[in-house]
1. From the mean inverse distance of alpha carbon pairs (Kirkwood) and the Cα radius of gyration, derive Rg over Rh for the stretch 2-98.
2. So for Met85, Met79, Met5, fewest C-beta neighbours within 10 Å to most, what's the order?
3. By how many degrees, between 0 and 90 and to the nearest 10, does the Cα long axis of helix 2-26 differ from the longest principal axis of the chain?
4. For the residue pair Gln13 and Val59, what label-to-label distance in nm results when each label sits 7 Å from Cα along the Cα-to-beta-carbon direction?
5. If the chain between Leu68 and Asp83 were fully stretched, how many nm would it gain, using 0.36 nm times the residue separation less the Cα-Cα distance?
6. How far is it, in nm, from the label point at Ser48 to the one at Ser97 when both lie 7 Å from their Cα along the line to the Cβ?
7. Just to be sure I understand: with springs between alpha-carbon atoms less than 10 Å apart, which residue in Thr31, Thr82, Thr120 has the highest mean-square fluctuation in the Gaussian network model of the chain?
8. Under a GNM of the chain (C-alpha, springs under 10 Å), which listed residue has the highest mean-square fluctuation: Trp33, Trp112, Trp102?
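Nothing in this text is a laboratory measurement; each read-out follows from the coordinates by a stated rule. Model, not experiment: these values are computed from the prediction. Here the Cβ positions follow ideal geometry from the backbone for every residue, glycine too, while neighbour counts run over all protein chains shown.
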Amino acid sequence: MAGIMASLGQRAQALKRDVYALYFACRDPRTPWYAKALAVVVVAYAFSPIDLIPDFVPVLGYLDDLVLIPLGVLAVRAMVPTDVMDAGREKAARLQSRPRSWAGAFVIVALWIALAAAGTFWVVSWWRQGR
């Protein structure tokens with residue numbers, strides 16, 4: 001049982017490193033635009049505290065994180081050139097050894113709130129025009 005947990009822990013660390021590497025890869029000019037677009041979505045979803053299915057929902061709450069994020073990382077990794085991905089992994093490994101900051105989390109939450117507010121504004125204005 002301990003071996004399985006260690007293996008899962010290593011896979012989780014590799015997945016976390018690859019999510020950071022995708023962030024760096026989408027900033028590289030050698031990455032195609034469609035890979036950048038999908039990478040932005042995957043990274044935003046991975047780092048966002050807001051999920052499609054809330055984590056308190058039994059089984060399904062964590063299932064979306066366990067399925068969507070790895071599939072998104074695999075899809076983007078297939079689209080990004082190998083040398084760009086390797087450079088991103090090196091940067092991610094250096095970043096993981098540094099202290100953490102809450103500024104990034106604040107930015108992600110602020111973006112989600114802004115998107116929700118813009119969507120709400122759009123729906124309300126559309127609904128009012130229909131009356």
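1. Values: Rg = 14.0 Å, Rh = 14.0 Å.
When Rh is taken as the Kirkwood radius, the ratio is 1.00.
2. Details: Met85 21, Met79 16, Met5 9.
If I rank by nearby Cβ atoms, fewest first, I get Met5, Met79, Met85.
3. Long axis of 2-26 versus the principal axis of the chain: about 60 degrees.
4. 3.2 nm
5. On the way: separation 15, 0.36 × 15 = 5.40 nm, distance 2.48 nm.
Roughly 2.9 nm would be gained on extension.
6. Spacing of the two 7 Å Cα→Cβ label points: 3.3 nm.
7. Most flexible of the set in this elastic network: Thr120.
8. The residue with the greatest mean-square fluctuation here is Trp102.
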